[in-house]
Amino acid sequence: MEPPILIAHRGYAKKYPENTLVAIEAALEAGACCIEFDVQFTKDGVPVVLHDANLKRTTGTNKRIVSVEHAKLSEILVNEAKLHPKKFANVGIPTLQSVVELISQWPGRLAFVEIKQESIDAFGIEKVIKTLAAICEPIIDRATLIAYDELALRCSRAMGFNSIGWILKKYNDESLSKATELAPDFLFCNHTKIPKKATSLWRGPWQWAFYEVSQAKHAIELAELGVDYVETMAVAELLKNKHMKSRSCVDVEAV
């Protein structure tokens, strides 16, 4: 049984502020072949790498990202004070452009780009996907757009993304029917949503990616269930585990 391929969830988020350039670069330097990050849009339509719709949790600033113009973001730092007190004093919210430029310097690494629903609702599917496709163009042959929104994923295929991933809200018959119709390249799911007595996963044209996994034993158990990828914030620790023999990034790119 091959161990699952590791995806660095929001970069190396266990040790660095999530979704920042330092977290993503640290994951790449640790040997991660796959990087996942989230995209939100600012008030003036600039895509930035951020998970929450509100800046409170990661920056301490109680503002919605869609209410802040990009020029004002330079005044806001991603210090994640509760997790990294005083350790990261000058880390800002990166633009999608800057993250794409970073990943462009690492051949063979795959990017999973999650567009958040709040930004789709604020700006509309066409504007959001068109903007993402244009910025991701330098790495689009190794980028997968992921989302909860099925229509956004259909649109992304028409606008240049060759690979899409649907994030499941529920693991049930209705979701299976929608997945069969959408036929995504990846299905993403929180591991807690799978029935405890499940012995296998839905089969289809997709590969499975489960989140959030922090232990090698758990990752191997999921692989036995049929999981191909696992997302983890502790990517460096799992890569060092003897049971998680990593495939080369060239091999992963060919999967």
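The values are calculated or read from the model by the stated rules, or taken from the named source; none is laboratory data. Since we're looking at a predicted model, the values are computed, not measured. Methodologically, a virtual Cβ is constructed for each residue, glycine included, from the backbone with ideal geometry; neighbour enumeration extends over all protein chains shown.
Considering A122, A89, the condition of being closer than 30 Å to L239 by Cβ, of a type in the set (A, V, I, L, M, F, W, C) and more than 16 Å from the chain's Cα centre (by Cα) is satisfied by A89 alone.
Residues are listed down the side, and each one gets a yes or a no for (1) modelled with pLDDT under 95; (2) surrounded by fewer than 21 Cβ atoms within 10 Å (Cβ to Cβ); (3) under 29 Å from A30 (Cα atoms):
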| position | (1), (2), (3) |
| --- | --- |
| I103 | no, no, yes |
| Q117 | no, yes, no |
| A122 | no, yes, no |
| A134 | no, yes, yes |
| P138 | no, yes, yes |
| A147 | no, no, yes |
| K169 | no, yes, no |
| A179 | no, yes, no |
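Yes or no, residue by residue, for (1) in contact (Cβ under 8 Å) with a residue 12 or more places away in the chain; (2) touching a strand residue (DSSP E or B) at 6+ places or on another chain (Cβ under 7 Å); (3) of a type in the set (D, E, K, R):
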position	(1), (2), (3)
K72	no, no, yes
N90	yes, yes, no
I93	yes, yes, no
I125	yes, no, no
K130	yes, no, yes
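Of all residues in segment 196-211, those being aliphatic (A, V, I, L, M) and either in contact with a Ser or Thr (Cβ under 9 Å, 6 or more places away or on another chain) or surrounded by 15 or more Cβ atoms within 10 Å (Cβ to Cβ) (or both) number 2. Restricting segment 86-101 to residues that are in a loop (DSSP other than H, G, I, E, B) and surrounded by fewer than 16 Cβ atoms within 10 Å (Cβ to Cβ), which is modelled with the lowest pLDDT? Of everything passing the filter in segment 86-101, K86 is modelled with the lowest pLDDT. Which of the residues that make up segment 24-76 are among the small types (G, A, S) and more than 23 Å from V128 (Cα to Cα)? If the condition is that a residue be among the small types (G, A, S) and more than 23 Å from V128 (Cα to Cα), then A26, A27, A30, G31, A32, G60 are the ones that fit. State yes or no: is D44 assigned to a loop (DSSP other than H, G, I, E, B) and either surrounded by fewer than 21 Cβ atoms within 10 Å (Cβ to Cβ) or without any contact (Cβ under 8 Å) to a residue 40 or more places away in the chain (or both)? Criteria met by D44.
Table: residues versus (1) of a type outside the set (D, E, K, R); (2) part of a helix (DSSP H, G or I); (3) surrounded by 24 or more Cβ atoms within 10 Å (Cβ to Cβ).
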{"position": "E2", "(1), (2), (3)": "no, no, no"}
{"position": "G11", "(1), (2), (3)": "yes, no, yes"}
{"position": "E18", "(1), (2), (3)": "no, no, yes"}
{"position": "A23", "(1), (2), (3)": "yes, yes, yes"}
{"position": "A27", "(1), (2), (3)": "yes, yes, yes"}
{"position": "E36", "(1), (2), (3)": "no, no, yes"}
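Taking segment 146-185 as the region of interest, how many residues are in contact (Cβ under 8 Å) with a residue 24 or more places away in the chain and farther than 23 Å from E126 by Cβ? Residues meeting the conditions: 5.
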